[in-house]
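The values are calculated or read from the model by the stated rules, or taken from the named source; none is laboratory data. Quick caveat, the model's predicted, so the values are computed rather than measured. Here the Cβ positions follow ideal geometry from the backbone for every residue, glycine too, while neighbour counts run over all protein chains shown.
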Ligand SMILES: [Zn+2]
């Protein structure tokens with residue numbers, strides 16, 4: 001887009017605002033008669049109406065914030081502080097997390113599904129690699145889980161059979177029937 005700056009009287013401002021919102025003109029910047037809330041009397045971005053000085057300041061603040069949060073993540077002193085805070089408030093933090101998950105169950109589920117769909121390939125690849133390199137650990141985990149929950153697992157199995165008895169019997173019947181039919185077909189073919 002060619003850079004075009006115009007000077008706007010206040011009565012024209014609303015009109016241009018509309019025009020730029022629809023992006024009909026190749027306008028990139030404009031002046032207003034009134035200064036911005038920080039008293040800058042300099043051009044503004046046509047698309048958003050933000051003055052260039054404020055935009056620069058906002059960007060500077062934004063990047064400083066990112067830099068600081070990055071620093072916080074890697075600063076050994078900050079890491080120790082965070083760990084100490086976690087240890088001191090572990091119970092409360094875990095409880096808070098538990099409560100949050102409980103009251104936002106639906107929201108979390110949707111967020112998780114969305115995140116998975118957006119990063120499906122990477123997540124599947126990483127999970128597969130993790131399972132592969134942690135096979136012993138997973139086997140041990142499943143074994144321990146099975147042993148620890150033997151009673152529950154058996155009860156669940158029993159309940160499933162009871163709840164689906166008719167369906168399961170029908171499956172069995174269908175399966176036997178299909179085997180029989182197949183056998184008959186083979187027998188018939190032998191005769192031909
Ligand atoms: Zn400004």
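Residues that are within 16 Å of the ligand (Cβ to nearest atom) and at pLDDT 80 or above number at least 3 in the following helices (runs of 4 or more DSSP H) confined to region 1-113: 52-74. Within region 24-42, residues that are more than 16 Å from residue 12 (Cα to Cα) have Cβ atoms under 7 Å from residues that are within 7 Å of the ligand (Cβ to nearest atom) and modelled with pLDDT of 80 or more in these pairs: 36/51; 36/54; 38/54; 40/51; 40/53; 40/54; 42/51; 42/53, counting only partners at least 6 apart in sequence or on another chain.
One residue alone among 80, 93, 52 is surrounded by 10 or more Cβ atoms within 10 Å (Cβ to Cβ) and within 30 Å of residue 35 (Cα to Cα), and that residue is 52.
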